[in-house]
Each structure stands twice: as C-alpha cells, then as structure tokens.
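One structure is given here, and the rest of the page talks about it.
None of the figures in this text is laboratory data; all of them are computed from the coordinates on show. Only a predicted model underlies this, so the values are computations on that prediction, with no experimental measurement involved. Don't worry about glycine lacking a Cβ; one is built from the backbone with ideal geometry, like all the others, and counts go over all protein chains shown.
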Amino acid sequence: MRALRAALAAAGLVAALAAGPAVAGPGIASTVEDEFEAAIKVVNPATVFCVAPAKYGASPGSSGVLISRDGYVLSDADAGAYYRPVPGPDGKQRAEKAWADDVEIRVPDLKRGTYAVFAAKRVKRVEAIDSCLLKIDKPPSGGFAFVPPGSSAHLEVGQFTFAVGTSFPQGEGDGSSSLTAGVVASLLPLGAGDPAGRWAEVITSAAVNPGVNGGPLVDADGALVGIISTWGQAKADEPFQFLGKAFPIDRIRNAYKDVPVYATVFPDPRTLPVRAKQTALLEQAIGATAAKVARSVVSLEVSRKSMLETKLPQAKLARYLGPTSGVALTDDGWVVASLYAFADTLPLPIPQAAGQRDAEQAVADDLAEVTSVTAWLPDGPSAPARVVAHDQRLGVVLLKVDLPPGVKTVPVEPAPADALRPGRLVIGVSNPFGGQRRPSPVVTVGMLSRVHADDAVECWGGAFQTDANMTDGTVGGALVDVRGRFLGMGTLWLTVQQGRNSGIGYGVPGTKLVAALPSLRSGASFLLNSAVMKVELKQDPKRAELSKVVAGGPADAAGLKPGDVIVGIGGKPVEDPGQLRQRLRFRRPGEKVVVAYERGGKRAETTVELARREAPPAATKPTTPTPPAMSDAPPAMSDAPPAMDGEAPPAMSDAPNPAPPAGEPAPPAMGG
C-alpha cells in the first residue's frame, strides 16, 4: 500500500493530465490517497478471523467480513474447517478435512489492540463459489461495525481494489488486519442474462497471501465487491496464475436468496453512497490508457516439441503453458516477447542450473524446441509468426508476424528519453488469451522501483524493476506510463525467486529494444559469453594473468602481452579469473572496453575492441579427462531458491562449471 501511495503521489499530475481537464488541479494525488484511507477505515474494523473452536483440534482459519450490524459474516467455504485424524488404507493415521457447525469469530478491537471472541453458527455453505455465511450468536447491544455488500456489476478492468485479511490473531493477537492494494486485472464474465450477475470471477493485482482467503475485496468507496478465494488448483494454461482471485458479491448474493434474512443481510446496493470521485477519474484514465495500449499487444500461442520446464537440482518446476504476450514495435509485424516465456532462462543468472552444458546453449536449445507460433492480433485476425532471433542480455525474442494483405500492427508509442525514473507509476498491459477473445487486456499497476546499471553483472543489468505484478501470464506485455507511452517490455529471469506470488519483475527499456531491432531483424542472436579478447589465462585462481595473447587478436592489437595481469574491466575491479569472465560475459562483440592491467609492477590501461567468439568444434568424447580451468560462472546468489510444490530442492552450488583449459571457454555458435 505504501508503494502504491508513493507511486500515486509521484504520478498524480501526469494522471490528471492523462485523464483530461476534469481531473486537473492541485492536490489530486492527496485527494486520491484520502479517498483510499476512507475506504480502508470502513473495512478494517469489520474484517474478522474465523476458526473452528479449540475442541476440534488443528484449524487453518479463514478471514471474513461482517456484513450486518447484528453479526452476519461472509467468509470462504473453509470457515470452521479443521483436520481430524482418521485411519488410512495402510493402517496409519492421516489428516482428513472436516467442517464444524459452530465457528469462533475473532472481531478486532482496534482501540485496545486486541480482539473479542464470539461464538457463531454456520447458516449456509456454498462450495461452488467458495463461500460461507455465518451468524454470531450473541452480538453486543451496540452491534458491530460492518461493510454493506455492494454490487460487482460496475467493476471494470483498471479500477482500484483492496484485499483485506486478518490471519495474524493466530499469533500476534492484536486484531489488526493486513491490506494490499491493486486494480482489477481482469474479469471473467457470466453468460448474458445470468441471474448471478455480470461477472463469474474478479482477478485483482492486489497481492493475496495465505490467511487473506475469505476476506473482503472492496472498491475505492469501501463497498464490498467480492470475497477473496485461494480455493482451487490453477491449470497449466491458466493465465491468472499468481494473481489474486475473488468471487464477486453479486454472484454470492444470488447464492443466498433462499436465506430467510436475505433482504436485511443483502440490502439493495443502489442505496450506497459514492465517495471516491477523484479516484473514479483516475480509474478512468487507467482504463483508457490500457485500451489504447492493448492495440499494440499481440497474444502468442506457442507450440513446442516438449513441455517447457524449469530444471532444478533433483526437481523440475512446472511452468505456465498458456498463451503469452508480445509488443508490436513496427506496423509491419515485428513483435518482441519475453525470452522467459519461450525458454528456461534460469541457467543465465545461475549457470550451474545448466549442469554440464553451456548455460547459453541450454537456453538456445530450449528456444529451438519451438515448432510454431500463432499471433492473435487485437481486434484482428490470427496469423503465423516465426522466431527470428533472440537476445540473452535483454531477455527478449524477436518474432515476425506474417500479416495478411492490408493488415498492419499498431506500434506502441515510445516514452520520452528521461521517462525511466524511480517512483513513477507503471501500468502493465498484457494479452495472454490467445484465440479466446476478451474485451479487455490484463491490467496491473505498480511503480518503477529501480533502474539497474548497464554494466551490472546480473542478467537484468540495464533493465528497470517494477512491482506491476509480473507473473508467468503477464510477461511479454507492455509496461507504460499513465499516458500509455512505452517504458519497456515485461520479463522475468529467476522462476524460483521473481514473479509468481511476489509480482516483482523487470522491464526491458523500449529504447534498448529499438536499438537492438536492426541486428535482431537480420537474424543475429546474441548469446552471453560471445565477446572475447583472444587470450588464455594461467591456471592461477588468485589473479587473472595472461599466459597467451593470440597474434592479431583484440588483446594483441591493444598492446597486451603474456605476463600482464588484468586488474580491471570497464572501470570495475578484476581480482581473479572468475571475476574477469563475469565482466566479459555480458559484453557484445565489437564493443570497446577499457582494460586495466599491471606489467612489471606498473599499472596501465588500454582499450580493447572485443571480437566474436568462433563457433566451437563439434563435441567429441574425450579419451582422457580434461582438467578444469577457471570458470566464468558467477558466484551463486545469496538467496537459495525456496521450496516449491512441497519439494525443497537444494540450494544452488557455487562450484564452477567445468570449462576447457583456455582462459575463455567457448560457448555455442551464434544463431537465431
């Protein structure tokens, strides 16, 4: 919430201008923040925690929300769930989920920093929409603070939503809730004329964490528009994996029409006041921007010889397998997409993940598994597309769409040269729907948090970082400012640490994409480790001393000689052979770098124009073991990948990969 407020404050004036003269004026960002706080004040005291009484044993608990003064509570279908031991088929006890009819409701007392416990009974449970209605037995004489059920019919993509939950009474006991903010990312429609309303599900970019399930989803007016659900297993092609989901209040309202107290518990939502007027204008600006940018975002259906997987030591991580997005850079069908969606990019930041293979070749081989791509144009036909080249430094794939006669793509509008500034609002627009046409793209909102240095030795060097909910389903989409100007294309690198529930991802700056376009269009892919000085190093792990300088090579032309010790590349220190390879791994052939070296105890500098590494000879089975040389693999990342899907793979080793004895191990041949 704090990050979103900062972004709103930084982008307030721009948002006002984008939305039009009706919004312009001093203090819009402050007014929007005030409206947000007013909505939060409504929902916080009414957000409760529902748990089975202690007599039943272990209970996971659910959040919930009071919807009437006399103690009616909406939660998810697991309200009152507990686990009981039962004998298994092997004679051993196992845990079986059951549901108690009586439920303990913990209602916050925000003034005292605690909560009060009330006994409640389940009125009705509707598993199909992950919903439960509860009634507190003995409400206090003054009644409860509550959130009146609103309507979800007015919801549109780009409107602000707040997800609220309160799992912390389990441990902290202060009764306070946690809050996340985001926008409606997508809406799944019901059939026309369905009595349950307009929407089947609400997808929100507000982070949904464990314990928030069953809690309220409210709009900027503080009205209840849905109940948060973490129920159900996402399918492999589910584009909304790792985004939040809620069942809309109109669908929930319809499910309880047979309850005797229906009329009082679910009053007519048309009587609710509208308070957030400035926020509504900002929402209109976001929606208009998303609609404009969506014309430039292509949906790509990718067919492969084998399923895309992320390979970890002793484990494999299932990946999203649905359509991905691409951004049109020209009107004649040149589209960029995220390399992450086409290949397992984990070996690039962590070369050890490639095993005995070259990390660069492992990624190139993964991309070569693609057999066909179908591009679905916004409001247009589908057309075949082909992968032309890829760039492992930028993390992008360039595709050419074979457009039908008379059909053009709509290039995205570029942002100004100085647009990449931390604190700016970032809107993500993606289209992971393929042939399933949707009236709106997937929209997420966050802020630009950092611009990484071009010479950083991580794969994301030169990219900008954002929390605009980058997930497996939103990579490849356009990241734009409030006016719809192209900041960059969204991508991820580390499946096990970025994206997914964290939502943190990277943007490849639009200026870098445009600069790389001519080379990529020619079919020239860029693989890491492809630029060389044409030298060999002594087998000394403590310093980068040259044992050989190839005659006529870049180092020779720059005046370097055997016995020289490399101590710096591009103004960055070099302390050992591994660090030398780190400094060169992301450089491009033809790039000029300043090399600092020591000769005879004296330090000097020279400029080396890097050459393209020659393709290695075909691999043959060695007759004798090859002694390992100094690896150019960077050290293992400090944060070990977390456990996934119940399996805890070991942390990545920092042992270097075997490499040929020459100082610059040869990666694979270049090729698209």
* Suppose R0 equals 56 Å; then what is the FRET efficiency for Val407 and Lys55 from their Cβ-Cβ distance, rounded to the nearest 0.05? -> 0.25
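Return the FRET efficiency for the residue pair Lys311, Asn209: r is the Cβ-Cβ distance, R0 is 25 Å, and the value is rounded to the nearest 0.05.
Numbers: r = 28 Å, r/R0 = 1.12.
Once rounded, the FRET efficiency stands at 0.35.
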* Of Gly507, Met533, Ala544, whose Cα points farthest to the positive end of the dipole of the range 447-544 (charges on the beta-carbon: +1 Lys, Arg; -1 Asp, Glu; origin at the Cα centre)? -> Met533
* **Computed P(r) (all Cα pairs; the range 261-352; 10 Å bins; percent)** => 12, 24, 20, 18, 17, 9, 0
* Any idea what the relative contact order of the range 531-612 is, in percent, if you count C-alpha pairs under 8 Å spaced at least 6 apart? -> 32
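Quick one: putting +1 on the C-beta of Lys and Arg, -1 on the C-beta of Asp and Glu, what dipole do you get for the range 295-521 around its Cα centre, in Debye to the nearest 20? Present the calculation step by step, with values, prior to reporting the outcome.
Details: 21 positive and 21 negative charges, 85 e Å.
Magnitude of the dipole: close to 400 debye.
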* Structure fact -> Least to most buried among Asp90, Asp391, by other C-beta atoms within 10 Å and fewest first, runs Asp90, Asp391
* Can you give the extra length, in nm with one decimal, that the chain gains between Lys572 and Arg84 once fully stretched, where that is 0.36 nm per residue apart less the Cα-Cα distance? -> 169.6 nm
* At what distance in nm do the modelled label points of Ala604 and Ala236 sit from each other, each positioned 7 Å from its Cα along Cα→Cβ? -> 6.0
* **Paramagnetic label zone (point 7 Å from Cα along Cα-to-C-beta, Asp556; backbone N under 19 Å) in the range 567-602** => 590
* Express in whole angstrom the spacing between the alpha-carbon centres of the range 570-617 and the range 121-140. => 68
* Of every Cα-Cα pair in the range 295-521, the percent that sits beyond 25 Å -> 33
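What is the Å³ per residue value for the convex hull set by the Cα atoms of the range 531-612? List each step's numbers first, then the result.
On the way: hull volume 6.4 nm³, N = 82.
Normalising the Cα hull of the range 531-612 by residue number yields 78 Å³.
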* Rg followed by Dmax, in Å, when the range 266-423 is reduced to its Cα trace -> 20.4, 67
* **Long-range tail of P(r) for the range 69-157 (Cα pairs > 20 Å, %)** => 52
* Ordered by packing density, taken as the mean number of other Cβ atoms within 10 Å over each peptide's residues, highest first, how do 522-528, 152-158, 81-87, 338-344 rank? -> 338-344, 152-158, 522-528, 81-87
* **Inter-centroid distance (Cα atoms) of the range 391-418 relative to the range 65-84, Å** => 49
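Taking other Cβ within 10 Å of each residue's Cβ, how do Met447, Met489 sort, fewest first? Before the final figure, lay out the partial values.
Details: Met447 21, Met489 30.
The most exposed by this proxy come first: Met447, Met489.
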* Asked: Among Gly490, Gly461, Ser519, whose Cα sits farthest toward the positive end of the charge dipole of the range 295-521 (+1 at Cβ of Lys/Arg, -1 at Cβ of Asp/Glu, about the Cα centre)?
  -> Gly490
* To do: Using the number of other C-beta atoms within 10 angstrom as an exposure proxy, rank Arg521, Arg613, Arg270 with the fewest first.
  => Arg270, Arg521, Arg613
* **Distant-in-sequence amide H partners of Asp332 (H built 1.01 Å from N, under 5 Å)** => Thr409
* **Shape parameters for the range 197-342, alpha-carbon atoms, Rg then Dmax in Å** => 20.3, 62
* Structure fact -> Stretched fully, the stretch from Asp34 through Lys548 gains (0.36 nm per residue minus C-alpha distance, one decimal, in nm) 178.3 nm
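Viscosity 0.692 mPa s, temperature 37 °C: Stokes-Einstein D of the range 39-86 from its Kirkwood Cα radius, in µm² per second? Kindly include the intermediate steps, with their values, before the conclusion.
Details: Rh = 11.8 Å.
Estimated via Stokes-Einstein, D reaches 277 µm²/s.
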* To do: Compute the FRET efficiency between Ala368 and Lys292 as 1/(1 + (r/R0)^6), taking r as their Cβ-Cβ distance and R0 = 30 Å, and round to the nearest 0.05.
  => 0.25
* Asked: Which of Ile129, Gly150, Ala116 sits farthest toward the positive end of the charge dipole of the range 105-153, with +1 on the Cβ of Lys and Arg and -1 on the Cβ of Asp and Glu?
  -> Ala116
* Asked: What list of ³J(HN,Hα) values in whole Hz, one per residue of the range 566-578 in order, does the Karplus curve 6.51 cos²θ - 1.76 cosθ + 1.60 (θ = phi - 60°) give from phi, with Gly and Pro shown as x?
  -> 6, 10, x, 9, x, x, 9, x, 10, 9, 7, x, x
* Protection proxy ranking, peptides 579-591, 41-53, average beta carbon neighbours within 10 Å, highest first -> 41-53, 579-591
